[in-house]
Amino acid sequence: MNRSTAADLFKRNTQLLVSWLRGETDDLAKEFASDSQTTGKFLKFVSQQGLGFQFAVALEDSPLRSHIDQATLAERERSREIRRERQAKLITQLKEIDDLLRSRNLDYRLLKGPFLAERFYGGSDNRQFGDLDILIHSERLPEADELLASCGFQRRTSAPLSDRLATRFAHGFDYQRGPYRIDLHWAPATHPSYRIHQARLWESAPPLVIADRNIPVLSDESALLFLAVSFFEDIERGAGKLKSAIDIERMASVMEGQTNWQALLQRAEAEGFGRIFPAILRLTSDLASSRERMPMLAAELDKIPTRAPATWKDRSALLEAPRGSLRNKLWAWRLYDYPRPLAIAWWALSLPARRAIYAPVRFFGSRPRPGPPAPGERRSK
């Protein structure tokens, strides 16, 4: 398949996906009714983009069920229930971690997974997540590390020289106990061009009620900013998925009318994300065709020249790129608030350290492996 044909297919599948997410199922029903192979290809595309679970959730009461063969439908439903059971157990783990950190007066914030599910999707049964992401103050890392170890969590990542040095190249350590995984972050992102304002990051935000418990979370503005940065970094390494774009679009649509977009974009500029944040917001808006639904955000983005990919061919190339794609890295290096030669030099010099931290199995022997994903699913935040 040539690049143009692949881009056309990516565009059509993305448009169908967005229509489905908005509850507009007519076009998708017509596609499904026209050709069973089209149905299979679309379902494969949805899973590849990290949205298989959410599609299975939406099928529960959808007229689209009649267009999917019973074997596929049964497999999707089985996968959905396995995932829901696992996520319910992760929520139980969250309550334990909450007790653990509060027992030592360790301030923390819940990131991604259950936070996004509860805040923007109506509950943990409606969005897939595979682990718990916890943000702590960097100076409390030794305490938190010791505390998790005392409760049976084994660190899966390594710090060949020292934990303190590792914090210069990475933004978190991974822990595991049985099938349950925790990513302990001391920063939402790490790069020499980033100038994260800690006071804003840790500003008070209303806690989120999860399983009848008040769980501390980031403000919506901070959560959106750093989810966009995370998506950007995933794209850079050839791992960007539409799931992240859908999360960002869902968050921004909830925040439209309640958020001073100009102030948030100015904050991004001050913290070193002045090109990254608007480019990701523009990319997300283009993928989700959300300009008319978020006119206030669109008006602010129109004031800023962004380097978001302008064609479906370029969008497809970025989001369907193989891991380690040079094209993606070149695109990303132009967005850092950093001279491009220095961005390239940082990547090259930090790569051995980051590999040693995140892939110790390759350098220092074996490590615990996470439990298997549910059938037909990939790991997700």
Six or more apart or on different chains, Cβ atoms under 7 Å: show the pairs whose first residue is in the range 202-224 and more than 19 Å from PHE273 (Cβ to Cβ) and whose second is surrounded by 13 or more Cβ atoms within 10 Å (Cβ to Cβ) and of a type in the set (S, T, N, Q). ALA205/SER219
Which of the numbered conditions does GLY50 fail, given that it passes all the others? Conditions: (1) over 27 Å from ASP314 (Cα atoms); (2) modelled with pLDDT of 90 or more; (3) not in a helix (DSSP H, G or I). (1)
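So which of ARG164, ARG181 is of a type outside the set (Phe, Trp, Tyr) and assigned to a helix (DSSP H, G or I)?
Numbers: ARG181 fails: assigned to a helix (DSSP H, G or I).
After ruling out the rest, the residue left standing is ARG164.
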Total residues in the range 32-58, condition over 18 Å from GLY240 (Cα atoms) and either surrounded by fewer than 18 Cβ atoms within 10 Å (Cβ to Cβ) or in the same structural domain as ASP234 (by TED's automatic domain parsing) (or both): 8
Can you find a residue that is of a type outside the set (A, V, I, L, M), farther than 18 Å from SER124 by Cβ and either in contact with a Phe, Trp or Tyr (Cβ under 8 Å, 6 or more places away or on another chain) or buried (at least 21 other Cβ atoms within 10 Å of the Cβ) (or both) anywhere in the range 198-216? no
Given the conditions (1) touching a helix residue (DSSP H, G or I) at 6+ places or on another chain (Cβ under 6 Å); (2) over 23 Å from HIS197 (Cβ atoms), every one holds for ALA268 apart from (2)
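Those residues that are in a helix (DSSP H, G or I) and over 18 Å from GLU320 (Cα atoms), I need them from the range 29-47; list them, please. I'd like the intermediate steps shown before the answer.
So the first thing to find is which residues in the range 29-47 are in a helix (DSSP H, G or I), and the list is 29-34, 36-47.
Answer for the range 29-47, where residues must be in a helix (DSSP H, G or I) and over 18 Å from GLU320 (Cα atoms): ALA29, LYS30, GLU31, PHE32, ALA33, SER34, SER36, GLN37, THR38, THR39, GLY40.
Residue-wise test of (1) touching a residue at least 40 places away in the same chain (Cβ under 8 Å); (2) assigned to a helix (DSSP H, G or I).
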residue: SER253; (1), (2): yes, yes
residue: THR259; (1), (2): no, no
residue: LEU265; (1), (2): no, yes
residue: ALA298; (1), (2): no, yes
residue: ILE304; (1), (2): no, no
residue: PRO309; (1), (2): no, no
If we keep just the residues of the range 61-71 that are outside any helix (DSSP H, G or I) and crowded, with 16+ Cβ neighbours inside 10 Å, which is nearest to the chain's Cα centre (by Cα)? SER62
Test ARG76 against the stated conditions and say whether it is outside the structural domain of TYR180 (by TED's automatic domain parsing), charged (D, E, K, R), surrounded by 21 or more Cβ atoms within 10 Å (Cβ to Cβ) and assigned to a helix (DSSP H, G or I). yes
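Scan ALA288, ALA223, ALA263, ALA270 and give me the residue that is at pLDDT 95 or above and within 30 Å of PRO322 (Cα to Cα).
Working: ALA288 fails: at pLDDT 95 or above; ALA263 fails: within 30 Å of PRO322 (Cα to Cα); ALA270 fails: within 30 Å of PRO322 (Cα to Cα).
Of ALA288, ALA223, ALA263, ALA270, the one residue that is at pLDDT 95 or above and within 30 Å of PRO322 (Cα to Cα) is ALA223.
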Scanning for something closer than 22 Å to THR25 by Cα and among the aromatic types (Phe, Trp, Tyr), does the range 92-112 turn up at least one residue? no
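Report, by residue number, each residue of the range 277-294 that is in a helix (DSSP H, G or I) and free of Cβ contacts under 8 Å to residues at least 12 places away in the same chain. If you could, list the steps in order and put the result at the bottom.
Kept after step one, since they are in a helix (DSSP H, G or I), are these residues of the range 277-294: 277-288.
Hits for the range 277-294: nothing passes.
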Please count how many residues of the range 182-236 are in contact with a Gly (Cβ under 7 Å, 6 or more places away or on another chain) and more than 17 Å from LYS112 (Cβ to Cβ). 3
Of the conditions (1) at positive phi; (2) loosely packed, with under 13 Cβ neighbours inside 10 Å, the single one that CYS151 does not satisfy is (1)
Being more than 22 Å from the chain's Cα centre (by Cα), within 30 Å of SER19 (Cα to Cα), of a type in the set (Gly, Ala, Ser) and at pLDDT below 95 narrows it down to one of ALA58, ALA159, ALA74, so name that one. ALA74
If you go through the range 306-318 one residue at a time, do you hit one that is surrounded by fewer than 15 Cβ atoms within 10 Å (Cβ to Cβ) and either closer than 24 Å to THR157 by Cβ or touching a strand residue (DSSP E or B) at 6+ places or on another chain (Cβ under 8 Å) (or both)? no
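The values are calculated or read from the model by the stated rules, or taken from the named source; none is laboratory data. From a predicted model like this one, the values you see are computed outputs, not experimental measurements. Every residue, glycine as well, gets a Cβ built from its backbone with ideal geometry; the counts of neighbours run over all protein chains shown.
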